[in-house]
Amino acid sequence: MKTLGLLLAMALVGSGATLDWWEHGNFYQIYPRSFKDSDGDGIGDLDGITQNLAYLKELGMDGVWLSPIFESPMRDFGYDISSFYRIQPEYGDLSAFGRLVNKTKELGLRLILDFVPNHTSDKHEFFNLSVHRVEPYTNYYVWHPGVEGPNGTRVPPSNWISVFRGSAWEWNDIRKEFYLHQFLKEQPDLNYRNPAVVEEMKNVLRFWLDRGVGGFRIDAVPYLFESAEVSGRYRDEPLSRATDDPENPAYLVHTQTFDQPETFDMAYQWRAVLDEYSVRDNNTRIMMTEGYSTVDKVVELFGNSTVNGSNIPFNFQLMSILNKNSTAADFARAVNIWLNALPAGRRSNWVLGNHDNPRIGTRLGKNKIDLYNIALQTLPDIAVTYYGEEIGMLDQYIPWEKTIDPAGCRTSPETFTQYSRDPVRTPMQWNSKRNAGFSLANQTWLPASDNYRHLNVYQQSRARKSHLKIFKQLTKFRKGPILSLGDFDMRLVNKQLVAYQRNLKNVGFVVVVLNFAKQPQRINLPSVFGKLPRHLQVVTSSLQVRTADRSRINPRTYRLAGESGIVLLHRHPKRKPAVLRN
């Protein structure tokens with residue numbers, strides 16, 4: 001199956017065109033508190049990241065995306081920002097940031113910052129000035145006097161519910177009005193219907209672009225706007241009938257607070273700011289956007305025929321559809337949903353994990369870690385990897401009494417494991433030493449995983465075969481022309497076996513086979529794709545596959561181990577490979 005986006009890639013090959021640095025990019029997400037502690041306080045920091053950038057270069061990364069590093073009271077661990085222009089002191093300062101930028105440039109990496117535009121911390125000076133009605137900040141946030149309730153009380157102007165449970169409206173006793181907070185009450189929503197706020201936040205982008213960043217990942221895009229007031233109040237949202245819990249955000253259908261039409265224009269405006277710098281320096285700055293929304297809304301963030309939007313609107317189909325029991329048919333369906341929706345001339349992207357969701361091995365099965373990393377690195381265009389997934393890190397159980405994530409803390413001892421994100425944010429597992437080599441502190445902000453002594457970078461670097469070595473082999477091979485520019489043709493062999501071919505005319509082709517069944521399956525690839533050479537070379541394969549890399553297999557009779565993947569190659573003889581621009 002060829003989509004318009006992939007047909008465009010074929011046209012680029014035929015025309016001799018080259019790809020920009022991000023168009024086949026490999027991006028690595030770092031949760032700064034958990035990557036590397038350089039000063040022994042138990043919290044990861046910028047210098048710790050700088051010291052380990054060479055590792056990311058060796059991994060084959062092109063871009064390094066940092067979760068928020070800005071000054072914050074840490075009620076939501078950096079997503080409650082009190083200054084968009086200062087670094088959180090636990091992480092360093094602008095000098096440390098400068099060292100980080102310089103090192104990324106030295107290594108040929110691009111630094112991507114998290115931009116959190118929907119809200120600030122309630123400790124931000126803008127919010128304090130708005131509370132006291134100091135111009136021009138009076139309407140920087142979404143305020144409302146409320147409506148009359150029982151016994152002359154003032155009650156919220158709508159039934160809207162926060163993502164973190166309970167009313168999305170909070171009374172402020174100084175201003176004598178309610179303010180909107182779609183997340184914690186300590187995270188008041190900015191008012192993007194105010195042009196001054198729009199310009200203020202564009203200036204935040206410019207500040208960091210001037211300091212050398214390669215782009216931004218925009219947080220929580222669907223929440224930027226809410227519907228406008230009607231007759232002095234806001235429209236209530238309808239009941240969903242999905243839960244009987246009136247505190248749960250799933251109690252309502254979010255017709256008034258999610259994916260409002262103005263949201264997309266705001267994203268396009270931010271892209272225009274980045275493009276100013278891209279043109280000025282002849283160095284593309286990119287925008288990545290987060291939105292757990294319907295596919296049609298996600299692809300709308302790309303832009304349209306007259307305006308550009310997000311370079312990389314995150315594709316969460318694999319993450320949202322698949323689970324431990326998913327079949328090859330489920331995988332193929334998730335891939336096709338995205339590729340069928342991909343607009344012409346836009347780049348696809350694939351995300352399997354992040355700081356808000358269980359890790360691959362926990363969510364999809366430990367035996368399938370390599371299978372999914374093989375898929376991530378061989379599907380078309382852009383791949384995004386969460387820190388530690390290259391070594392197969394797993395979620396670490398954190399008991400109720402030690403839970404610190406507000407998403408978990410605001411629930412109960414009976415239900416917190418369904419909501420807490422602490423288990424996926426534990427320290428990076430570097431080696432078998434104290435605290436997994438993350439920190440020399442007596443205690444780290446979250447404990448290292450129980451399994452770090454045998455599951456870490458050091459051990460896997462020295463093993464004959466490991467998740468890390470498979471991952472590195474994949475990323476090295478991925479930079480070649482076939483996976484960068486090749487066609488894509490996926491076939492569902494049976495419910496548990498899927499295969500796809502990446503073909504590049506005059507260069508060669510790659511066949512990827514993924515076996516979702518627990519038992520081995522025989523593969524007859526000529527019956528799937530038609531005539532093939534008598535033998536194909538193994539590029540790499542899952543841990544449980546015994547066939548050595550670079551060996552040759554018979555594609556008509558090969559038995560692929562259960563819950564595993566394999567990457568096979570055929571090069572056309574005496575062809576000069578295409579050259580990509582980095």
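Here are a few things to note about the model shown:
- Taken over the range 399-424, residues that are assigned to a loop (DSSP other than H, G, I, E, B), open to solvent by 10 Å² or more (accessible area, probe 1.4 Å) and within 23 Å of Gly78 (Cα to Cα) amount to 8.
- When the strands (runs of 3 or more DSSP E) confined to the range 482-582 are screened for residues that are touching a residue at least 24 places away in the same chain (Cβ under 8 Å) and either farther than 25 Å from Lys368 by Cβ or over 28 Å from the mean Cα position of the chain (by Cα) (or both), those reaching at least 2 such residues are found at 489-494, 508-515, 521-523, 536-541, 558-560, 564-571.
- Comparison of Tyr192, Tyr234, Tyr179, Tyr268 shows that the only residue that is over 25 Å from Gly78 (Cβ atoms), over 24 Å from the mean Cα position of the chain (by Cα), modelled with pLDDT of 95 or more and among the aromatic types (Phe, Trp, Tyr) is Tyr234.
- In the range 272-310, residue surrounded by the fewest Cβ atoms within 10 Å (Cβ to Cβ) [restricted to those that are within 20 Å of the chain's Cα centre (by Cα) and aromatic (Phe, Trp, Tyr)]: Tyr292
- Flag if Ala441 is among the aliphatic types (A, V, I, L, M) and either open to solvent by 30 Å² or more (accessible area, probe 1.4 Å) or under 23 Å from the mean Cα position of the chain (by Cα) (or both): no
- Residue list for the range 482-495, filter: of a type outside the set (Lys, Arg) and surrounded by fewer than 20 Cβ atoms within 10 Å (Cβ to Cβ): Asp487, Asp489, Met490, Leu492, Val493, Asn494
- Picking from residues in the range 134-158 that are touching a Ser or Thr at 6+ places or on another chain (Cβ under 8 Å), outside any strand (DSSP E or B) and touching a residue at least 40 places away in the same chain (Cβ under 8 Å), the one that is most open to solvent (accessible area, probe 1.4 Å) is Asn139.
- Residue within the range 447-457 that is in a loop (DSSP other than H, G, I, E, B), in contact (Cβ under 8 Å) with a residue 40 or more places away in the chain and surrounded by fewer than 16 Cβ atoms within 10 Å (Cβ to Cβ) present: yes
- Positions within the range 496-528 being among the charged types (D, E, K, R) and crowded, with 22+ Cβ neighbours inside 10 Å, in sequence order: Arg502
- Any chance Thr475 is surrounded by fewer than 19 Cβ atoms within 10 Å (Cβ to Cβ) and of a type in the set (Val, Ile, Thr): no
- Listed conditions (1) part of a loop (DSSP other than H, G, I, E, B); (2) at pLDDT 95 or above are all met by Thr18, apart from (2).
- Whichever residue in the range 54-108 is part of a loop (DSSP other than H, G, I, E, B) and among the aliphatic types (A, V, I, L, M) and, among such residues, is surrounded by the fewest Cβ atoms within 10 Å (Cβ to Cβ): Met74
The values are calculated or read from the model by the stated rules, or taken from the named source; none is laboratory data. Since the structure is predicted, the reported quantities are computational estimates derived from the model, not experimental observations. We place every Cβ from the backbone using ideal geometry, glycine too, and count neighbours over all the protein chains shown. Protein only, heavy atoms only, side chains kept; ligands, DNA and RNA dropped before computing areas. Shrake-Rupley method; radii C 1.70, N 1.55, O 1.52, S 1.80 Å.
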